[in-house]
1. Provide Phe397, Phe72, Phe220 in ascending order of the number of other Cβ atoms located within 10 Å of each residue's Cβ, fewest first.
2. I'd like the Karplus ³J(HN,Hα) series for the range 392-397: coefficients 6.51, -1.76, 1.60, θ = phi - 60°, whole numbers in Hz, and an x wherever there's a Gly or Pro.
3. Under a GNM of the chain (C-alpha, springs under 10 Å), which listed residue has the highest mean-square fluctuation: Val311, Val144, Val160?
4. Starting from the alpha-carbon convex hull of the chain, give the projected area averaged over all orientations, in nm².
5. Could you give the nm distance between label points at Val311 and Arg337, where each point is 7 Å from its Cα heading toward the beta carbon?
6. Looking only at Asp368, Asp339, Asp310, which one moves most when the chain is put into a Gaussian network model with springs between Cα atoms under 10 Å?
7. Just the number, please: percent antiparallel of the DSSP beta bridges in the range 32-264, rounded to the nearest 5.
8. What ranking do Leu355, Leu234, Leu149 get, fewest neighbouring Cβ atoms within 10 angstrom at the top?
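Bear in mind these aren't lab numbers, they're just calculated from the coordinates by the rules spelled out. The structure presented is a predicted model; accordingly, all values stated were derived computationally and were not measured. We place every Cβ from the backbone using ideal geometry, glycine too, and count neighbours over all the protein chains shown.
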Amino acid sequence: MSTATLTQLAIHGGPKAKTTPYTTGKRYLDNELAYLKDALEQNSLFYANPKAKWVKRACEMMKTYTGMPYAFMVTSGSAAVHLGLIAAGIGPGDEVILSPNTDTGTAMGIIEEGAVPVFADPEFTMQLSVDSIAKRITPRTKAVIVVHLAGEPAPIDKIVEFCHAKGIKVIEDCAQSWGAKLHGKPVGSFADAGCYSTNDYKHISTGDGGFIVVRDETTFRRVANYGDKHYDRLFGGSQYQQHHGVNYRVSELLGAVCVAQLEKVDQITSRQHDIGDRLRGLLKGLPGGRMAPQSEGAYSSYWWSMLLVDVEKMSVGRDELIKAIQAEGVGVDSSQRYDLVQFDLYKKRVVRPWLPEPLNQYPFTQPDGREYHYSIDDLPRQKQIMATGIRININTFYSDQDVDETAAGIWKVFEAYAKA
Ligand SMILES: Cc1ncc(COP(=O)(O)O)c(C=O)c1O
């Protein structure tokens, strides 16, 4: 790459590194339409109707995809993680460890169950590790939710071994990691439950939706019942409510679109893998920046990618770098939403403002008087990632030229601002 000067930067009036708009494409094609039509012609869109086939088919495909023997389709990734906690037997007052570097959907189910989110500091891979989890374990720890963030597998094999030896359940949040593998095995198939999202921003989409996969029939029955008003519908049991449950059911319309999307998932994630690898290769040796490291044995499906800035080596801060790269026409941002402890919910601890104190702080204030407070200062690596990270967008439809120009724009800006 050639050495750029400040005056050549697009932010100072120079030509943009990105010479054409990013390539886009159609996510929904003939099969989505054909399957939707078929679903409508069933004359019932209810997933458990004897005539209904699409949600059942999508669940069968998920079993094959993950190698897990039981799958249940739900309304969202958040719903899937919530059911993961039900699978793990979480109850009020239990502590659940997770990374703050994630979407809020990872944590919502914990709060919903009256359990307590406990944030562990992610590694610079952005993932949890055995070490980071070990530091947060207490006698109250009941489960760990391991997010495979950005299509990058966490070291889930080691985490499961470590946690299971302590009787702690592990839930995998694979919302961003369709197609990702560790040592050749798909994420979502290592732990007690694997949870997926098909919201509109994921590798595959049904607009909203998700899956949970689990290992044994008893757990499956528990989550399927809990997710369907606690009717025992799939097991031919009572259809009067036996216990508490929620309604996370999806209609056949979602199932139909999902089948068509699952038919393409390998193609999408392998393209995304190639794009991400190409980008990492092109950004090697960047002065003052390095891509977030990856877990050993990782096959990433790069839902996005993180570039960490060595701010000491640059003459401007991270935010100025982002503005200059964006001016080059390159898709980057700062990923600030993935910093849960910085949300008012955790800083101010008002969970349900319509309730009187201290009930409005439940579960952060527990009935036995335990109080949980959250601060980014307890999470030094997360703080550094948030202060120095540049999130690089990746999309399945990117052409090789898009990837090359993305790298060229980043190089141009880093070279211009690197201290001599
Ligand atoms: C890591 C992670 N977990 C959970 C979720 C929640 O998924 P959904 O939006 O489908 O509820 C998301 C969604 O962005 C996510 O990225």
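1. Fewest to most other Cβ atoms nearby, the residues stand as Phe397, Phe220, Phe72.
2. 9, 6, 9, 9, 3, 7
3. Val311
4. 21.8
5. 2.4
6. Asp368
7. 50
8. Fewest-to-most Cβ neighbours within 10 Å comes out as Leu355, Leu234, Leu149.
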